[in-house]
Amino acid sequence: MFAGTTMLFAVAAEAAGEAAKSGGLPQLNPHTFEAQLFWLVVTFLALFFVMSKIALPRVGEVIEERRDRIKRDLDAAARLKDETDKALADYEKALADARSNASGIAKQTRETLAAETEAERHRVDEQISVKLRDADTRISASKTKALSAIGDIATDTARAVVEKLIGQDVPADDVKKVLRPATGG
Amino acid sequence: MAAEGTGHHGPMEQFEIKKIIDLDLLGHDISFTNSSLMMVLAFAIIVGYMLYAMRGRALVPTRIQSTAEVVYEYIAGMVKENIGPEGMKFFPWVFTIFIFILVLNIFGLIPGNFAVTSHIIVTFALAAMVWLVATGVGFWKHGVGYLKLFAPAGVPLWLMPIIIPIELTSYLIRPISHSVRLFANIMAGHTMLEVFAGFAVLLPWWGKIAPTGFMVAFTGLELLVAFLQAFIFTVLTCIYLNDAVNMHH
């Protein structure tokens, strides 16, 4: 550390001596100014010319073109997305329409069928009731006939029984007269 | 910043202007010197780099093209941010200032090369150009009204006798502060490097390690300074232009 510090002073002293010997800082020597300024102006102007006329417009063009291209592509993508959305909406609308149509048709069919069934049932009911009425008529006729036949049978049976019991034939009208309360005839 | 230790080389010798070709124009010394050589080389490097990088002008850039585009967008962003869209008129000029100083700064760091921006006359000329352009733009755009720059709106009237001289002085001193900042940073850095190179040469072998290691680290720092000073010079250029174009601080 001590050696380093000593060295630093030694070098600094040497530098100072050198600067003093050569007449101060080279930066402050005005004899070099003209040449430096001349070449600075020449190189700076040349560089400015090349940059502004050739190099920078090239970079700017490329960047602008890329920006335009990206913008165009993005616009196209947005447009396509809109179209897709529209197509999707159309499709969904069509689907919904078809659905409501289908349910309409189904409902109508159901109603038609129900009405038809109802009419058929009505008709059949009618027929059945007509048949039932006929059957009732027939049954009551048969019943009447059968009941009237019962009187004759009872008379015959009673005559046969009486004949067996008293050994004498009894006229049918007498038997009937006697049996009338029982047969209801 | 050549580090030869032979003879009596001081840390200031690296700043010596050395004539390469003696030239004379109407009695004026326009000799081609080590400084001129570096400027011409910087010009050649910048032009060669820009034209080579943009040779394809590809929509999908190559690596080198994208570096040129990055620098372009960086400076364009700086100009737009500081001056506004109107400032893009000055973009090629600001870009030239930035890249010229940047390349001269970095180029000067290569051992054996001469640091052009370590000379106050060069940085002062650049700063004076900026000041003259900004002042010219200010008066051209606002006429005499540009003088209102020295009497900011909203300052109470009784403060004006103080504010106006301060503003005027700070405006007039701009080319000096602008140029000394760049020149002093580059000169100081290069002097430092040379001093430590001097240690490395003078000390016995065991003493060379520390200054050499320091120089390696310091060179890295100087790279940062080279960029930073180019950046600061350019930002200040934009700020001065903004004053001239928009007249607000």
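Checking the condition over 26 Å from residue B:99 (Cβ atoms) and at pLDDT 90 or above, which residue from B:228, B:172 passes? If you could, list the steps in order and put the result at the bottom.
Numbers: B:228 fails: over 26 Å from residue B:99 (Cβ atoms).
That would be B:172, the only listed residue that is over 26 Å from residue B:99 (Cβ atoms) and at pLDDT 90 or above.
Given the conditions (1) within 11 Å of another protein chain (Cβ to nearest Cβ); (2) buried (at least 21 other Cβ atoms within 10 Å of the Cβ); (3) closer than 24 Å to residue B:247 by Cα; (4) over 16 Å from the mean Cα position of the chain (by Cα), and given that residue B:97 satisfies all but one, which numbered condition is not satisfied?
(4)
Among the residues of the range B:107-145 satisfying the criterion of being aromatic (Phe, Trp, Tyr) and farther than 24 Å from residue B:197 by Cβ, which is surrounded by the most Cβ atoms within 10 Å (Cβ to Cβ)? Spell out how you get there, then give the answer.
Going residue by residue through the range B:107-145, those that are aromatic (Phe, Trp, Tyr) are B:107, B:114, B:124, B:131, B:139-140.
In the following step, the residues that additionally are farther than 24 Å from residue B:197 by Cβ were identified as B:124, B:131, B:139-140.
Values: B:124: 20, B:131: 22, B:139: 14, B:140: 10.
So, considering only residues that are aromatic (Phe, Trp, Tyr) and farther than 24 Å from residue B:197 by Cβ, the one surrounded by the most Cβ atoms within 10 Å (Cβ to Cβ) is B:131.
Name the single residue, out of those in the range A:26-53 being farther than 19 Å from residue B:127 by Cβ and of a type in the set (A, V, I, L, M, F, W, C), that is farthest from the other protein chains (Cβ to nearest Cβ). Even if it seems obvious, please write down each step before you answer.
Here is the first cut: in the range A:26-53, the ones farther than 19 Å from residue B:127 by Cβ are A:26, A:29, A:31, A:35, A:46, A:49-53.
Checking which are of a type in the set (A, V, I, L, M, F, W, C) leaves us with A:35, A:46, A:49-51.
Working: A:35: 5, A:46: 6, A:49: 9, A:50: 5, A:51: 5 Å.
Filtering first and then ranking leaves A:49.
Among A:176, A:143, which is the only one that is surrounded by 13 or more Cβ atoms within 10 Å (Cβ to Cβ) and free of Cβ contacts under 8 Å to residues at least 40 places away in the same chain? First the steps, then the outcome.
Working: A:143 fails: surrounded by 13 or more Cβ atoms within 10 Å (Cβ to Cβ).
Answer to the check: A:176.
Conditions first: (1) surrounded by fewer than 11 Cβ atoms within 10 Å (Cβ to Cβ); (2) assigned to a helix (DSSP H, G or I). Residue B:188 passes all but one, so which condition is the exception?
(1)
Show the residue pairs that are 6+ apart or on different chains and have beta-carbon atoms under 8 Å apart, the first residue being within the range B:23-39 and more than 7 Å from every other protein chain (Cβ to nearest Cβ) and more than 12 Å from residue B:115 (Cβ to Cβ), the second being surrounded by fewer than 19 Cβ atoms within 10 Å (Cβ to Cβ) and of a type in the set (D, E, K, R).
B:23/B:29; B:32/B:19
Check whether at least one residue in the range A:52-74 is more than 30 Å from residue B:89 (Cβ to Cβ), under 55 Å from the mean Cα position of the chain (by Cα), at pLDDT below 95 and surrounded by 10 or more Cβ atoms within 10 Å (Cβ to Cβ), and report yes or no. Quick ask: steps written out before the conclusion?
Initially, the range A:52-74 is screened for residues more than 30 Å from residue B:89 (Cβ to Cβ), giving A:73.
The next check asks that each one be under 55 Å from the mean Cα position of the chain (by Cα); those that pass are A:73.
Checking the rest, the ones that are also at pLDDT below 95 come to A:73.
Filter once more, so that each one left must be surrounded by 10 or more Cβ atoms within 10 Å (Cβ to Cβ): A:73.
Yes, the range A:52-74 contains a residue that is more than 30 Å from residue B:89 (Cβ to Cβ), under 55 Å from the mean Cα position of the chain (by Cα), at pLDDT below 95 and surrounded by 10 or more Cβ atoms within 10 Å (Cβ to Cβ).
Kindly indicate whether residue B:77 is without any contact (Cβ under 8 Å) to a residue 40 or more places away in the chain and either surrounded by fewer than 22 Cβ atoms within 10 Å (Cβ to Cβ) or more than 10 Å from every other protein chain (Cβ to nearest Cβ) (or both). Steps first, answer last, please.
Working: without any contact (Cβ under 8 Å) to a residue 40 or more places away in the chain: yes; either surrounded by fewer than 22 Cβ atoms within 10 Å (Cβ to Cβ) or more than 10 Å from every other protein chain (Cβ to nearest Cβ) (or both): yes.
Taking the combined requirement at face value, the residue satisfies it.
Can you tell me how many residues within the range A:54-71 are within 12 Å of chain B (Cβ to nearest Cβ) and over 16 Å from residue B:53 (Cα atoms)?
Filtering the range A:54-71 for residues within 12 Å of chain B (Cβ to nearest Cβ) gives A:54-70.
Applying the additional criterion that residues be over 16 Å from residue B:53 (Cα atoms) yields A:64-70.
The qualifying residues number 7.
Of the residues that make up the range B:214-224, is at least one without any contact (Cβ under 8 Å) to a residue 24 or more places away in the chain, surrounded by 15 or more Cβ atoms within 10 Å (Cβ to Cβ) and not charged (D, E, K, R)?
Yes, the conditions are met somewhere in the range B:214-224.
State the number of residues belonging to the range B:151-175 that are surrounded by 11 or more Cβ atoms within 10 Å (Cβ to Cβ) and over 27 Å from the mean Cα position of the chain (by Cα).
8
Which one of B:135, B:169, B:117, B:123 is within 12 Å of chain A (Cβ to nearest Cβ), part of a helix (DSSP H, G or I), under 30 Å from residue A:36 (Cα atoms) and out of contact with any Phe, Trp or Tyr (no Cβ under 6 Å at 6 or more places or on another chain)?
Values: B:135 fails: within 12 Å of chain A (Cβ to nearest Cβ); B:169 fails: within 12 Å of chain A (Cβ to nearest Cβ); B:123 fails: out of contact with any Phe, Trp or Tyr (no Cβ under 6 Å at 6 or more places or on another chain).
Among B:135, B:169, B:117, B:123, only B:117 is within 12 Å of chain A (Cβ to nearest Cβ), part of a helix (DSSP H, G or I), under 30 Å from residue A:36 (Cα atoms) and out of contact with any Phe, Trp or Tyr (no Cβ under 6 Å at 6 or more places or on another chain).
The values are calculated or read from the model by the stated rules, or taken from the named source; none is laboratory data. Since the structure is predicted, the reported quantities are computational estimates derived from the model, not experimental observations. With ideal geometry, Cβ positions are generated from the backbone for all residues, glycine too; neighbour counts draw on all protein chains shown.
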